[in-house]
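Visitor: I have a structure I would like to understand better, so I am pasting it below and will then ask my questions one at a time.
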């Protein structure tokens, strides 16, 4: 959808929140897993110092040495659900905005996760139920780490055809329950988090207007990043890193170019939180100064599709009226996308 088409139906994030589990996994924790890593090796390799998990360290240790399984943890109620995580993020969104769920109706609710609780129903239904949110219809989109861009583009479509004028977006990732803890190249990367946002067709208080969205895919690379049913996350690390840098750069450039923006016109840049080395390379190639580059991967790890929107939510108080924000994300599929926001704030 082009910027001109967007003028027919505007979309604003009028409330946004995030949730990060309390269990901290620092780099020294991985020494106890006997995988040949050390704290400095992890920082040097990917720039991650800590990450958050829905699981306690002792439960991860038990997974690593075969003393428990993910199914065991699910049966014991130890895997926090999508709905539960979404509801916590939604609670923060309501607290910040001064809105009250009981007063709201979301014409459309869109959920998204790479780590599902079940095949059916949609996770959007779980999140709306657990957040006590009234809705017209609810469904999921899943594009792994590109999900947030896909959700916003899909919501723009719903607004454009008149099927909704309000909505909610939920996302939650729990990769720490689906990685192989004997593989030091993969398990050191990931953390868990969730985000939630309420969207409307008119501005309200401090909010982010979605000016433009772009999503593209190259299905020939479908096997490059995958998580098969019942299996752990796997990827071709070298191929993915090169691809991620190139597409993060090109997606950001494309959305700026078609909206007649230069790097100097953009106040903030957020990329997919894969690892800090990749992000720093992409931001440098784009020409963004470090002061404009927002990230959280260093203390929260790679949170899949939740990483970029959680970073957006964490920095909500930094944004000022008129600021422009570019988000560029890359995920399995292979799929990549970008979003251009403009900040509205009657208080500023």
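Visitor: Using alpha carbon centroids, what distance separates the range 33-76 and the range 108-170, in Å?
Guide: 30 Å
Visitor: A follow-up question, please. How far apart, in nm, are two points set 7 Å out from the Cα along the Cα-to-Cβ line at residue 285 and at residue 160?
Guide: Between residue 285 and residue 160, the simple spin-label model gives 2.8 nm.
Visitor: On to the next question. What share of the DSSP beta bridges in the chain is antiparallel, in percent to the nearest 5?
Guide: The antiparallel proportion sits near 70 percent.
Visitor: What's the Kirkwood radius of the chain in Å, using all Cα pairs?
Guide: So the Kirkwood estimate lands at 20.1 Å.
Visitor: Separate question: May I ask for log10 I(q)/I(0) of the range 12-200 at q = 0.08, 0.15 Å⁻¹, from a Debye sum over the Cα atoms as equal point scatterers with solvent left out?
Guide: Values, matching the q order: -0.29, -0.87.
Visitor: So between residue 229 and residue 129, what do we pick up on full extension, going 0.36 nm a residue minus the alpha carbon distance?
Guide: Here the answer is 33.4 nm.
Visitor: Also, quick follow-up: Given a Förster distance of 56 angstrom, what is the FRET efficiency for residue 105 paired with residue 61, based on the Cβ-Cβ distance and rounded to 0.05?
Guide: The computed FRET efficiency comes out at 0.80.
Visitor: While we're looking at this one, here's another question. Please give, to one decimal in nm, the separation of the simple spin-label points placed at residue 180 and residue 260, each 7 Å out from Cα toward the Cβ.
Guide: Between residue 180 and residue 260, the simple spin-label model gives 5.2 nm.
Visitor: Further question on the same structure: With a 10 Å radius around each residue's Cβ, average the other Cβ atoms per peptide and rank 40-51, 174-185, highest first.
Guide: 174-185, 40-51
Visitor: How much length is gained on full extension from residue 209 to residue 28, taking 0.36 nm per residue of separation minus their Cα-Cα distance?
Guide: This chain segment gains 61.0 nm when fully extended.
Visitor: Quick one: among 36, 191, 107, which has the greatest mean-square fluctuation in a GNM of the chain with alpha-carbon springs under 10 angstrom?
Guide: Per the Cα network of the chain with a 10 Å cutoff, 36 tops the list.
Visitor: Where does each of 306-317, 203-214 land if you order them by average Cβ count within 10 Å, highest first?
Guide: Ranking, from highest mean packing down: 306-317, 203-214.
Visitor: Turning to a different aspect of this structure: Using alpha carbons only, how many degrees (0 to 90, rounded to 10) separate the axis of helix 237-257 from the longest principal axis of the chain?
Guide: For 237-257 against the chain, the angle is about 10 degrees.
Visitor: Can you tell me the orientation of helix 147-160 relative to the chain, as the angle in degrees between its alpha-carbon axis and the longest Cα principal axis, to the nearest 10?
Guide: Its long axis makes an angle of about 20 degrees.
Visitor: Additional query: In whole angstrom, how far apart do the alpha carbon centroids of the range 206-252 and the range 279-327 sit?
Guide: 16 Å
Visitor: Pairwise over distinct Cα atoms, reciprocal of the mean inverse distance: report the Kirkwood radius of the range 206-344 in Å, one decimal place.
Guide: 15.3 Å
Visitor: Hey, rough spin-label estimate for residue 202 and residue 78, points 7 angstrom out along Cα→Cβ, what's it come to in nanometres?
Guide: Distance between label points: 5.1 nm.
Visitor: If I fit a long axis through the Cα atoms of helix 82-97 and take the longest principal axis of the Cα atoms of the chain, what angle between them do I get, 0 to 90°, rounded to 10?
Guide: It works out to around 40 degrees.
Visitor: Per the helix-only calculation at 222 nm, which mean residue ellipticity applies to the chain, given -39500 (n - 2.57) for every DSSP H run of n ≥ 4 and division by its residues, nearest 500 deg cm²/dmol?
Guide: After summing the helix terms and dividing by the residues of the chain, the value is -9000 deg cm²/dmol.
Since every read-out is calculated from the coordinates, none of them should be taken as a lab result. Please read all numbers here as calculations on a predicted model, not as lab measurements. All Cβ positions, glycine included, derive from the backbone under ideal geometry; neighbour counts span all protein chains shown.
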